[in-house]
Structure formats: structure tokens, C-alpha cells
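Read-outs throughout are calculated quantities, based only on the coordinates presented, and are distinct from any laboratory measurement. Quantities reported herein were computed from a predicted structural model and do not represent experimental measurements. In this analysis, Cβ positions are derived from the backbone assuming ideal geometry, glycine residues included, and neighbour counts consider all displayed protein chains.
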């Protein structure tokens, strides 16, 4: 079916192009109209040299890539404009790659992709509109630390739009196929059906969303399939009368099943907002969830909270809050009761303003765990991995062998499983465990969020109370000086059960200053954390200089330095220090030409890592009518003094593009 659709689209586009080339004009007959096609193209040259050296590796790779893409676009209608309109783009792509390394023979490859983008819209002026669409594209994932990967994606589907005033609805079906090759060989097949309905009234609206998803991911000899069914119903009602109020009610059903995962259950949510006066509001929330996790496991969550906000003389805001929640899962049941009071004060003074905050809160936690569950499983803990910085897991005493790092896809689903010591590293510091990207071989994109599954040994159960306090003060003076101070204190109190050896205590003092003057911004901050878990002391300073030598040029310098001392380690090697330097220059040579250059240097030294990253890039861009061009050169050098590994990358890129016209 898919191949047939592709052939039909190609035939229609080819026929339209042939007709226009023969007669050199737009066709507008009684039964169809085909616009004169627009032509665009893009050609590029890319040379990349990777050099890796270390105790166990010494390699150099040279890759030369030539790519060409032709875009031919046309649109029109058949029989009548109100019956069917279409927009077709044919995008054939060619690519020639030559790879050469010191220890292997020269390899050459040629690829061709018949890319396209098609859309047919039927009866767009009727109360019911049908849209058929499809596209095929090729994209490239570049990484300084790994071989580039190519993704060939094929998408097609249909969309039915029912435009009835009482109950408009959209029914959408999409099929998606992708194949990734290069450093990672992977594939994804996804079918998705969506139904969206909405009913609007004067006093509110009602919305219904239904989604069915069937996904199969394959990578590294593993295959993961997931079938998901979700239903979400929401109603918003606005009360009329002297007291303005709104009630938001929602209910949901979720059924997700994979080879290793099951979640099936219901959720319910109610929110009541009352505006008693211009300066007095109250808010009530009720939340309930119940899910079956398979193997006689369940997860149930209940919560109720109340919040009151009052504004006095437009300067003092008072917030009173009380909430309770109960969370039941395979590990046991936790119940919490919390109340708190917050004040916020704002006042303008000559030359600036003062902002002060204060909050007090007390919480009681009643724990009833399953004593047989010594190990606690954590699933889908989201962490952001950037550079090679360490990210600590949210729990202590983690079983290292149980750690799994999984790709978080753009749609929030789980993807491929990453490999330890290839994609990421695990470091154990006392009772804590940290994750970081593996320099040189990682396939985890820089700055990407990942899911982390693991197990940890939970502490002996006991009931406790927590008293939290915070105080803050900020001065804004003369539109240039900002001084802020904040104190946060938290203290755990034992109530009943097995009393632990140490109760949690947390104290954080932060003071900072920021000064802006003409073309410079200077900021310094000092923080001191006294804690029973991870006491630290740190400082950081930044300086940013921005110049505009001429109306057509821009110059930016920035520098940052800081250090974090881990108090529990002690000794001379108890700190993590960093330095960052960056310079950026941009200049408009003319209205159609731009020149830019950037240089950076980052250094990190401390308990775990000792690294240095340096790089330089320059780019020249130009445009003339419908033509654009780019010449770019990039060099980067990444050193890991701990593992004695060094990576150097050179990249030269030239691109010429013609916009559709």
C-alpha cells in the first residue's frame, strides 16, 4: 500500500512537470489546474577529520561527503477547487561518502533517496474535510564524539475534520517508519490514531481526547514494543453570580503494555477556584489515581489541598496552604499532611525596590512500607546529561548493577537502552551514585534528557515531621545593582518507628550580587550548604562584555569561574573547579553577507574529572535573491586528563541553496 501510494504521488508530480515543460505555462482546464512548478536545490560538500588518541586507542578517520538535493514543487486542484486541492513536492537526494582511516582500506558508498511531500485536501469548504498526507525525508545526526548517523523517515496518514458547531471533531491516523544507520543501527515503526472532540458553551467547554499508539523500536539486537491506549475527558464550567468561580473536572484512562511493562488504570481531578473579592481567592484541588501494574502490583494516589491568597495594600501577599496525600504502591503506603504560611512583600524606594519573602511550613509523614521489600525500584527518573558533568541520582545506596539508562524520545516514550562504559559512566561517591556521559564513545546527545531505572536499599521505616523555613531579600538599585540573600532551613523530627542514627538536616545560605554598567555585566554568588546528606560550599563569578564597534558588528566576551567543595571528603582534593571562556564576533559585511567567528575554552578539575575542551569556528554566509550560501570551519579539541584520552575534530562545510521559485 505504501509503495503504491509513493508511485501514485511520483506519477502525478512527473506528469505535472512534463506538461509544464512541454507547453511552458500554467494549465487551467475545465477539470483540473496544475500550477507551474517551482524549482529549488541544495548542494553541499563536507570534510571531517577525527583523531582519537589514548592509552588504548590511536586512530584517525577522514570522511568526505558530497550531497545534492533537488526540490520540485507544484500545487493545484482536480475537477473543482472545492472538491480537492493538492500540494506536491518531489525531492530526490543523492549522497556520495568516502571514508578513509589509517588502519582500514578506503571505503566509498553512494545512496539515493526519493524524498517527497504530498498533501491532498478534499472538500475543504464543506462541514467535513478529508486530508491525505505523506512525506519521506533524510536527516543526519552529527556528534563530535561519535560517527555520524543518518535517519530515513517515512510518514503517511489521513485526517478527517468534522466542522460541526455543536461538536467539532478531528480524527487523525499517522504511520511512521524510520531507519537509522551509521554509529547506531536502529529502526522505529509507529502507528497512531487520534480523536479530538470539543464542545463550547457560554459557561465553559468540554474536551475529549483519545489516542491509540503502537510502537516497535529495534536497536542493538533488542526489540521493544509498546501498545498504548489513552482517553482524556475535561470539562470547565464558569459559575455566574456575585462570586466569580470556575470548576475544572477531568477524568482519564490509560492502558500501556510492553514486553516488560504494564500500566492500566484511571485518574480523576477536580479544581474549584473562588474569587471572593478583588484581593481574596481560594483554591481547592482533589486528585485520585489508581493503576494496575501487573503481577498483582498496584499504584494508587490520593491528594487534597486548599490554598488561600490575600493581597493587602498592593504590597503584602499572604498565602495559606494545607494539603494531604496518600501514595500506595508495591513498596507500601506513605501518607503526608502539610500546612504552610507564606508572605511576600514588595515596595518601591527611591532609586529602586525591595522584595522580601518569608515562609514557614510543617509536614508529617506516616510511612507503612512492606518490610519484605528490601530493594526499592525506581523507574523513569529523568536526568539531563550535559557534557561530561556528573548528575547524582535521587536516592542513596543504589545497586550499581541495576542501573539502566534509556533514551527519552521526543514524544516522551522510552527508546533504546544505552550501554555502560560506552555511552555513560557510573561513579560512586560515598552513599551516592552519579551518572555522566562517556567521552569519546557516547551516543547520548549533549544536553539530552534520559530515563534512568535502578534499585536502591531503602532506609528502615519510621514516621517523621519536617519543619521548613525560608527567608529572602532582594534589593534592586539604580537599574544597575542587584543584591540578593536567601536562607533555607529544613529539619527532620522523629515521631515513631525505628529511630534512625541520623535525622535529616539542611541549611542553605546564598548571597549574590549583580552589577550592570554600560557594556558589562558582573555577577558573583556564594553558597554554603550544611546538610546531613551532601554538605557543600561553592562560589561562582561571571563577567560578560558586549561591544558594538560599528552598526554592522557585534563583539562578545564572557568568562566564568567557580568551585564546589565537598565538605564530607576533606583533605586537599575535595573540590571541583571549573573555568569557562568564550568570545564571539559577528559582522555584516553587507546586507547580504555575514561573517561570524567564535572561540571557547572550558576547563574542569576536581574529584572525578579533569578535562579541557577548546574550540574555534568561523562561518561566512551570503544570499542573493533566491540563492544562499554557507562556508563554515570548525575545530574542537577535547582532553580527558584522567583517562589520558584526546580527541581532535576538524570540519569544513560548504553549502549552496536555491529557494523554491
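Along the Cα-to-C-beta direction of residue 56, a point sits 7 Å from the Cα; which residues of the stretch 635-649 have their amide N less than 18 Å from that point? It comes to 640-647, nothing else. What is the calculated FRET efficiency for residue 610 to residue 528, with r their C-beta to C-beta distance and R₀ = 22 Å, to the nearest 0.05? So, using R0 = 22 Å, E works out to roughly 0.30. Approximating the spin labels as points 7 Å out from Cα along Cα→Cβ, the residue 631-to-residue 353 distance works out to 5.0 nm. What spacing in nm lies between the two simple spin-label points modelled at residue 299 and residue 563, each 7 Å away from Cα in the Cβ direction? Result: 4.3 nm between the two label points.
In this label model, residue 517 and residue 110 are separated by 6.6 nm, measuring between points 7 Å along each Cα→Cβ vector.
When the Cα atoms of the chain are enclosed in a convex hull and the volume is divided per residue, what value in Å³ results?
Details: hull volume 149.5 nm³, N = 661.
For the chain, the hull spanned by Cα atoms encloses 226 Å³ per residue.
Stretching the chain fully between residue 327 and residue 581 yields a gain of 86.7 nm (0.36 nm per residue, less the alpha carbon separation).
Output the peptides 79-87, 647-655 sorted from most to least packed, where packing is the average of other Cβ atoms within 10 Å over each peptide's residues.
Numbers: 79-87: 15.1, 647-655: 16.8.
Descending mean neighbour count gives 647-655, 79-87.
Full extension of the chain between residue 552 and residue 617 gives 21.4 nm of extra length, using 0.36 nm per residue less the Cα-Cα distance.
Which length gain, in nm to one decimal place, applies between residue 542 and residue 277 when the Cα-Cα distance is subtracted from 0.36 nm times their residue separation? Write down the numbers at each step before the final one.
Numbers: separation 265, 0.36 × 265 = 95.40 nm, distance 4.52 nm.
Length gained, residue 542 through residue 277: 90.9 nm.
Report the relative contact order of the stretch 375-457, percent, no decimals, based on alpha-carbon pairs under 8 angstrom and at least 6 residues apart. 51 percent. Here the stretch 310-341 and the stretch 188-243 have alpha carbon centers that stand 29 Å from each other. Comparing Cα centroids, the stretch 538-576 and the stretch 42-59 end up 30 angstrom apart.
By per-residue mean of other Cβ atoms within 10 Å, what is the highest-first order of 624-633, 409-418? Let's see the in-between values first.
Numbers: 624-633: 14.0, 409-418: 16.2.
In decreasing order of mean packing, 624-633, 409-418 become 409-418, 624-633.
Suppose R0 equals 41 Å; then what is the FRET efficiency for residue 79 and residue 191 from their Cβ-Cβ distance, rounded to the nearest 0.05? Please report the intermediate quantities before stating the final value.
On the way: r = 32 Å, r/R0 = 0.77.
Efficiency, rounded to the nearest 0.05: 0.85.
Let me make sure I get this right: for the stretch 375-457, a, b and c are the square roots of the gyration tensor eigenvalues over alpha carbons, sorted descending. Under 1.5 in a/c it's rounded, otherwise prolate if a/b > b/c, else oblate. Which is it? The shape class here is oblate.
On a C-alpha basis, how far is the centre of the stretch 471-521 from the centre of the stretch 386-424 in Å? Whole number, if you could? For the stretch 471-521 versus the stretch 386-424, the Cα centre distance is 30 Å.
Sorting the segments 506-514, 49-57 by their residues' average number of neighbouring beta-carbon atoms within 10 angstrom, most packed first, yields 506-514, 49-57.
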